[in-house]
Amino acid sequence: MDALAGCYVHLPFCARRCTYCAFPTGTDRSLAGATLGGILAEAERRAPAWPGPFGSLYLGGGTPTVLDDDEIARLVEGLRARLPLARGAEVTIEANPDDLLPGRAARLQALGFDRIALGVQPLRAPALVLLGRRPAAAAAARAVREARAAGFATVSIDLIAGRPGQREAAWEAELVEALALGPDHLSVYLLSVEPDTPLAGRVERGEVRAPTEARQAAIYRRTCRILEREGWGHDEVSSWSRAPAFRARHNARYWARVPVLGLGPAAHAFDGSHRWWNLPAPGPYLAALAAGRLPEEGAETLDEAAVRLECLALGLRTAAGVPVALLLEAPDGARTLERALARGLLVEDGDRVRPTAHGFLFADGLARAFAG
């Protein structure tokens, strides 16, 4: 990964809202056109402090592909005019598989996208109903074929594991089926039952039993074993790639604390020492821009202690790990490290330590233990 800044654009629009989703998105697209104009206006105002070139551009959400091709083209061309991309920059778009109707992938690739992240989530019909997803199994296979034929350099798929009632053997069969689709990159997220979501309501009413931590840990460890067996590299806690060339370079910027400019409602940004996040709803976001203000909801400047904790928390979620010296700075750091090594949570790798598959499950606790 290069050290150039990245740019993330949040498009808060979906065709339908998943039952587990707590992200700031919605199905009302009446403000979509105005929001695209707002994002370009925000880019214009941010540009003097972010001269570029940018090493990555990532369109996420939400579901960017619920917008039509002309809208996406307007956005991408406008961003390129305001925020120059470096030669060879990674340009990613998130997509629902059933949005990639014949010819759609080729049109997106022609707009400059070289990486596509397909939100497959579950492949099994009962789980699709539970999570409020659109039909995915046949659409996922077709979408991967379409992306391959269009010439995308990297095809990534997202899956959700540790669902209510899911057994390890059933998950293994689903994961093997997902690998058979032929992706280059894979993200596997353990389901989290977030407050104030329809899924949380079903759990509270006793209609669905939330997955236990023990079951999710078992499914995660099996995921790690299967992907290791298949020769996939474990890049960070939730992501794997079939070869180093397919690692998500934009995502790696977050783990390495490289600056990332965030644009759009609810987008987060980081310039190296200062973070800010935008107003989450399109209406207030647009109103702030119309009033001549940057659409920020909040901001923070990280002090030395916060930076150190963040380096630990992020580094211990990646296969690269952290320098041993950083851990030894903590009070009683040597003894804490010795215990973590003995428990099989960390392994030594030269002058660094990195988490094991088991250790990834305890990344938060390890970061706090070494924070001092």
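Remarks
- Residue, least open to solvent (accessible area, probe 1.4 Å), within the stretch 50-107, restricted to residues that are farther than 16 Å from L118 by Cβ and aromatic (F, W, Y): F54
- Number of positions in the stretch 111-125 that are at pLDDT 95 or above and either of a type in the set (D, E) or in a loop (DSSP other than H, G, I, E, B) (or both): 4
- Applying the criterion of being within 29 Å of the chain's Cα centre (by Cα), of a type in the set (A, V, I, L, M) and assigned to a helix (DSSP H, G or I) to the residues of the stretch 342-369, the residue that is surrounded by the most Cβ atoms within 10 Å (Cβ to Cβ) is L366.
- If the condition is being over 28 Å from W240 (Cβ atoms) and either in contact with a Ser or Thr (Cβ under 8 Å, 6 or more places away or on another chain) or in a strand (DSSP E or B) (or both), then the stretch 302-326 contributes L302, V307.
- Checked against (1) at pLDDT below 95; (2) within 18 Å of R275 (Cβ to Cβ); (3) among the acidic types (D, E), E300 passes all but condition (1).
- Filter pass, L314 being out of contact with any Pro (no Cβ under 8 Å at 6 or more places or on another chain) and open to solvent by less than 50 Å² (accessible area, probe 1.4 Å): yes
- For A299, the stated conditions do not hold, so it cannot be described as in a helix (DSSP H, G or I) and of a type in the set (G, A, S).
- Among residues of the stretch 272-284 that are buried (at least 17 other Cβ atoms within 10 Å of the Cβ), those with a Cβ under 7 angstrom from a residue that is polar (S, T, N, Q) and not in a loop (DSSP other than H, G, I, E, B), sequence gap 6+ or separate chain, pair up as P282/T35.
- Yes/no for L181 being touching a helix residue (DSSP H, G or I) at 6+ places or on another chain (Cβ under 7 Å), more than 23 Å from A89 (Cβ to Cβ) and of a type outside the set (K, R): yes
- Answer residue from the stretch 321-333, given it is without any contact (Cβ under 8 Å) to a residue 40 or more places away in the chain and open to solvent by 10 Å² or more (accessible area, probe 1.4 Å) and is farthest from the chain's Cα centre (by Cα) among those: D332
- Pick from the stretch 4-47, criterion among the polar types (S, T, N, Q) and touching a residue at least 12 places away in the same chain (Cβ under 8 Å), ranking: most open to solvent (accessible area, probe 1.4 Å): T27
The values are calculated or read from the model by the stated rules, or taken from the named source; none is laboratory data. Small disclaimer: the values here were computed from a predicted structure and weren't measured. When we count neighbours, we look across all protein chains shown, and the Cβ atoms used for this are built from the backbone with ideal geometry, even at glycine. Just the protein is used for accessible areas: all its heavy atoms, side chains included, with ligands, DNA and RNA removed. Shrake-Rupley method; radii C 1.70, N 1.55, O 1.52, S 1.80 Å.
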